[in-house]
Amino acid sequence: MWWPDGEPGQLEHEVLERAKVTEDMLERERLSGSRRRARLLLDDLEVEEHPNGLLFTFSLPKGSYATTVLREFMKGDSG
């Protein structure tokens, strides 16, 4: 897994330091992991009327989930 740059990377290293976890410790455990994007930009998003509601068409990068995108559209009005 790659380490983030800038403020996110600094924050991660501070958390690990407080927990007394070193990069060597993580490497010894041979943990498999990856990162996902925190924000997705949908360049090809299309929304059309459909007899049963709405039809959403879009593509996602590897490791992203359509349910995450659709959840954003399904959020209720909190006001």
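The values are calculated or read from the model by the stated rules, or taken from the named source; none is laboratory data. Predicted model, so just to flag it, every value in this text is computed and none were measured. Neighbour counts run over all protein chains shown; Cβ positions are idealised from the backbone, glycine included.
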(request) Quickly run through region 1-35 and pick out the residues that are touching a Pro at 6+ places or on another chain (Cβ under 9 Å) and of a type in the set (Lys, Arg). (result) ARG35
(message) Of all residues being outside the structural domain of TRP2 (by TED's automatic domain parsing), at pLDDT below 95 and among the acidic types (Asp, Glu) in region 21-79, which is nearest to PRO8 (Cα to Cα)? Just the residue, please.
(response) GLU72
(message) So, in region 9-50, exactly how many residues are surrounded by 10 or more Cβ atoms within 10 Å (Cβ to Cβ) and hydroxyl-bearing (Ser, Thr, Tyr)?
(response) 1
